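The values are calculated or read from the model by the stated rules, or taken from the named source; none is laboratory data. Predicted, not measured: the structure shown is a model, and the values here were computed from it. Glycine also receives a Cβ, built like all others from the backbone with ideal geometry; neighbour counts cover every protein chain displayed. Side chains are part of the model used for accessible areas, which takes the heavy atoms of the whole protein and leaves out ligands, DNA and RNA. Shrake-Rupley method; radii C 1.70, N 1.55, O 1.52, S 1.80 Å.
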Amino acid sequence: MEQSGARVPCGPLEVPPARAQHGRQRGGGGRVEAVVRGGAIALALEDQAPGQQGNGLGARRRRALQRDQSVLRSARVELAARRDERAHLVGGRALSDGGDLFAQPQDRITTASSGTAAIAGAILGTAGRATGARPLAAIPAFTFVATANAVEQCGYRPYLVDVDPDTWMLDPDALAGHPQLDRVGVVVPVAAFGRPVAQARWHAFSERTGIPVVIDGAACSDRVAAAPDGYFGSIPVAMSFHATKGLSTGEGGCVVASDPQQMSDIQQALNFGFVVSRNSGCSALNGKMSEYHAAVGLAEIDGWPDKRRALEDVACGYRRALLELDLADRLFAAPEVSLSYVLFDCRDADAAAAIRRSLASRGIDSRRWYGEGLGEHEYLADATRAGDLAVTQALGCRLLGLPVAPDLTAAEIGRVATALAAGVWSRR
């Protein structure tokens with residue numbers, strides 16, 4: 001791995017042995033402020049004790065804003081330069097380099113206004129709207145609420161299914177035996193924390209049951225871009241380019257599928273139901289990516305190799321810092337999960353609370369990205385459930401997200417690691 005600046009040097013990233021349970025989140029140190037850094041939400045850290053006054057954060061904010069303004073200027077230039085490339089637009093917008101990024105032909109990828117819109121468009125173009133006979137969409141209970149939002153936009157009622165404790169994802173073999181399967185109109189497996197969903201077993205599930213499958217790829221774009229084989233095929237994969245993702249357009253998403261007709265149907269569903277003429281021919285939404293966000297995406301793709309290496313260095317830095325504290329076996333970072341996340345397994349809810357208090361007392365934020373699962377949201381409290389969702393509840397209590405940003409320094413990673421360790425040791 002390349003070394004640069006204050007980033008922690010180390011060898012190639014290695015995936016620790018498989019462990020029983022995993023999870024995800026993010027935070028910052030010193031006073032915490034969310035800023036957009038070239039398409040990724042970062043938590044600015046001010047190197048001062050809580051309550052002290054200082055200009056560290058102001059300086060960080062100014063540098064972040066300067067970077068943002070540079071990205072936006074590049075976006076405007078990209079947009080103007082690509083006005084003559086209309087023949088190569090994807091989904092009506094100018095993010096035409098996405099096919100090359102994911103090693104896919106241009107007719108197999110279309111952009112969307114958000115990751116949520118991408119899921120909804122893929123469902124409408126593949127399974128269609130819910131019917132009276134099949135009103136349910138089987139989705140993992142352990143996911144971000146956008147998955148449930150998307151299926152509801154297509155008329156389905158969320159059917160919450162527990163996940164596998166090792167993969168954190170739906171298991172097609174286990175789902176095949178669920179009692180309400182004959183009422184399920186679509187299944188939406190989720191790439192938990194960017195762990196890509198392999199297509200083969202889900203293709204076999206769909207062939208065996210006749211139920212369409214759409215993969216919520218969420219944050220997996222950086223993982224599948226690095227190794228696309230096995231993750232793209234006849235099942236549509238919807239991905240997010242939100243600002244919290246490693247590969248970002250600020251806001252946006254895309255769908256990748258191998259069937260040109262299926263992709264045409266998905267594009268139609270994302271464009272008011274229009275194909276060529278302004279005659280709406282299907283259930284649809286206004287889910288197109290704006291040209292502005294497409295231009296931001298082109299600028300992001302140009303800088304992606306450097307950003308990817310920087311995020312890899314951050315993951316490596318956390319591994320080194322926690323290895324010194326004898327806590328590395330509880331860390332989950334790239335390539336196990338997306339470059340967007342660094343996760344710590346707190347082991348139980350009480351330990352997680354102690355660690356969060358230790359981080360917060362030093363001005364460092366943390367986050368439980370999926371909370372305690374979809375069933376804990378007020379709106380989804382009455383959603384149909386397949387069992388007690390015990391694995392989801394355990395993962396939600398245990399997994400804590402730590403700060404991630406491309407320019408997070410070794411010193412800042414060390415501060416986070418020290419605060420985290422203090423929380424762990426406070427319970428011994």
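Report the net charge of residues surrounding residue 387, where surrounding means a beta-carbon distance below 14 angstrom and charges are Lys +1, Arg +1, Asp -1, Glu -1. Net local charge, residue 387 excluded: -3.
If you sort 223, 134, 278 by accessible surface, 1.4 Å probe, largest first, the order is 278, 134, 223. Stretching the chain fully between residue 279 and residue 106 yields a gain of 59.8 nm (0.36 nm per residue, less the alpha carbon separation).
Since only 323, 346, 304 are under comparison, the one whose Cα sits farthest along the positive direction of the charge dipole of segment 263-348, derived from C-beta charges on Lys, Arg, Asp and Glu, is 304. Hey, could you get me the Stokes-Einstein D for segment 134-214, Kirkwood radius over alpha-carbon pairs, 25 °C and 0.890 mPa s, rounded to whole µm² s⁻¹? Estimated diffusion coefficient is 195 µm²/s. Multiplying the residue separation of residue 309 and residue 261 by 0.36 nm and subtracting their alpha-carbon distance yields 13.6 nm.
Loop-only check: which chymotrypsin sites (Phe, Trp or Tyr not before Pro) in segment 206-271 are DSSP coil with at most 15 other Cβ within 10 angstrom?
Working: sites: 231, 232, 241; in loops: 231, 232, 241.
Hits after loop and neighbour filter: nothing returned.
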